[in-house]
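Below you'll find the structure, written out as structure tokens, and then a few comments.
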Amino acid sequence: MSTETRDTIFIGKKPLMAYVTSALIQLANLPSVNIKARGMSIGRAVDVAQIIARKTEHAGYSIGEIKIGSESLESQDGRTRNVSTIEIEVKRN
């Protein structure tokens, strides 16, 4: 398993706190974790990062680098679509 997959959490349709818990478990062992999302899940990724940074201030977690971009995907009808992406770094101080 490469380090990129271990320190990356991909946001999907699970409950919000499932991702927060997963990120906190990873942060217990690693200095930083990347939260990645695309499309409609971007808002959920931002919520996860904010919950970790604000609710666990006493634990010393903060938001680091934020990268935004887009990916070209082929839709079911064969067209190429651009989908927005976000990557948020949450790190231990």
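The values are calculated or read from the model by the stated rules, or taken from the named source; none is laboratory data. Note that the structure is predicted; figures quoted are calculated from it, not measured. Here Cβ is always computed from backbone atoms with ideal geometry, including for glycine, and neighbour counts include all displayed protein chains.
The figures follow:
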read-out	value
Within the stretch 33-57, considering residues that are polar (S, T, N, Q) and touching a helix residue (DSSP H, G or I) at 6+ places or on another chain (Cβ under 9 Å), the one nearest to Thr85 (Cα to Cα)	Asn34
Test: residue in the stretch 54-65 that is out of contact with any Ser or Thr (no Cβ under 6 Å at 6 or more places or on another chain) and closer than 11 Å to Ile11 by Cβ	no
Unmet criterion (only one of (1) within 13 Å of Thr8 (Cα to Cα); (2) modelled with pLDDT of 95 or more) for Leu24	(2)
Sole exception among (1) closer than 15 Å to Asp7 by Cβ; (2) modelled with pLDDT of 95 or more; (3) not aliphatic (A, V, I, L, M) for Asp47, by number	(1)
Set Gly60, Gly39: member being within 14 Å of the chain's Cα centre (by Cα) and modelled with pLDDT under 95	Gly39
